[in-house]
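Before any comments, here is the structure.
The values are calculated or read from the model by the stated rules, or taken from the named source; none is laboratory data. Note that the coordinates shown come from a computational prediction; the quantities given were computed from them, not determined experimentally. Cβ placement follows ideal geometry from the backbone for every residue including glycine, while neighbour counts extend to all protein chains displayed.
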Amino acid sequence: MILYEYPFSEKIRSFLRLEYLFKRLFFFQQHLSASPESDECLLGALFDVMDVCERGDARNTLLQELDKQKITLQEYRNYPGVDSSAIESALIDLNQVSRELHDAGKIGRAARESEWLAKIKSRYVVPGGLSSTEFPAYQGWLTSSPEQRQKVVDEWVASFRPLAEGVNSLLHFIRASRDPEYATTSANGVYERALGGQPFQLIRVWVPKTSEVYPEISANKYVTFVRLYQLSRQLEAHLVTRPTGFKIAFCNF
């Protein structure tokens, strides 16, 4: 199954975006020095994370959301049949993530305060700006020992780790709040579900890998629509009008 997710708020959308960017960043960090091109991809991923973090106060917003989750977990203690040890374990994990995020101070400090990285970034935005013609110092850096470059890059990336761990924890509890259920589109290719004003945070949709379809999801607190589309050989999107099964979960924590 292939998973697609739809956030109900810009806040959750921003956390999903950060999660995606962190996955890319950590992947290229593990493959540093595989080639000059992979190193450049790492820098692009790092600059994307830096830019997103600069647009808002991601750290404090995330801390507030984690606090809400801790309150929710504490309320679950009073529910009959709840595994209290699992609740306590989850609270310990959330408290640790929150503490590390709080103590981290300014997110990405090591990367933001690096004059060398600032020089690279100013050239990166220019097409071809990292070539040996335009920026010979960067090409010289690529010839330094992989161990030395790995150490520098690890320091840059480490300054974002507390935020990444916080985002992972927040989204984990939201996603785990509901199990998927089977659904199917109608003969006109649309799945519709009334929500009755319930405050969901995230919709998750799984489609069969072999179906070659993808969903377009629109939702508010009253109703959700899922339409499944398929790309033609000319890469044109066509609505799938036959009844098609998929899985869906409405998540809130």
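Mind checking whether some residue in the range 214-236 is among the aliphatic types (A, V, I, L, M) and without any contact (Cβ under 8 Å) to a residue 24 or more places away in the chain?
Yes - at least one qualifying residue is present in the range 214-236.
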(Q) Within the range 155-167, does at least one residue satisfy the condition of being at pLDDT 95 or above, closer than 23 Å to LEU16 by Cβ and not assigned by the TED database to the domain that holds GLN96? (A) no
Q) Say we look at the range 216-240 and pick out the residues that are of a type in the set (S, T, N, Q) and surrounded by 14 or more Cβ atoms within 10 Å (Cβ to Cβ); which of these is nearest to the chain's Cα centre (by Cα)? A) THR224
Q.
Of the residues VAL157, VAL213, only one is closer than 30 Å to LYS119 by Cα and under 23 Å from the mean Cα position of the chain (by Cα); which?
A. VAL157
(Q) It is to be established whether one or more residues within the range 165-181 are surrounded by 12 or more Cβ atoms within 10 Å (Cβ to Cβ) and closer than 12 Å to THR244 by Cα. (A) no
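Taking helices (runs of 4 or more DSSP H) that fall entirely within the range 1-79, which contain at least 3 residues that are touching a strand residue (DSSP E or B) at 6+ places or on another chain (Cβ under 9 Å)?
Details: elements: 10-30, 36-54, 58-76.
In the range 1-79, the matching helices (runs of 4 or more DSSP H) lie at 10-30.
Results for (1) in a strand (DSSP E or B); (2) under 22 Å from CYS251 (Cβ atoms); (3) among the polar types (S, T, N, Q), shown as yes or no for each residue.
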residue	(1), (2), (3)
ALA118	no, no, no
PRO127	no, no, no
VAL157	no, no, no
GLY166	no, yes, no
ASP179	no, yes, no
TYR182	yes, yes, no
TYR191	yes, yes, no
GLU216	yes, yes, no
(Q) Please go through (1) of a type outside the set (Ser, Thr, Tyr); (2) in a loop (DSSP other than H, G, I, E, B); (3) surrounded by 11 or more Cβ atoms within 10 Å (Cβ to Cβ) for ALA86 and return the number of the only condition it doesn't satisfy. (A) (2)
**Q.** All positions within the range 34-51 that are over 12 Å from the mean Cα position of the chain (by Cα) and closer than 18 Å to ALA158 by Cβ
**A.** ASP39, LEU42, LEU43, ALA45, LEU46, PHE47, ASP48, MET50
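Being touching a Lys or Arg at 6+ places or on another chain (Cβ under 8 Å) and acidic (Asp, Glu) is true for just one of GLU155, GLU134, GLU147. Which residue is that?
Going through GLU155, GLU134, GLU147 in turn, the sole match is GLU134.
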Q | Test: residue in the range 75-84 that is farther than 17 Å from ALA158 by Cβ and in contact (Cβ under 8 Å) with a residue 60 or more places away in the chain | A | no
Q) Consider LEU21 against the criteria (1) surrounded by 13 or more Cβ atoms within 10 Å (Cβ to Cβ); (2) over 21 Å from the mean Cα position of the chain (by Cα): it satisfies all of them except one. Which criterion is unmet? A) (2)
Q | Members of the range 56-84 found to be small (Gly, Ala, Ser) and farther than 18 Å from SER169 by Cα, listed by number | A | GLY56, GLY81, SER84
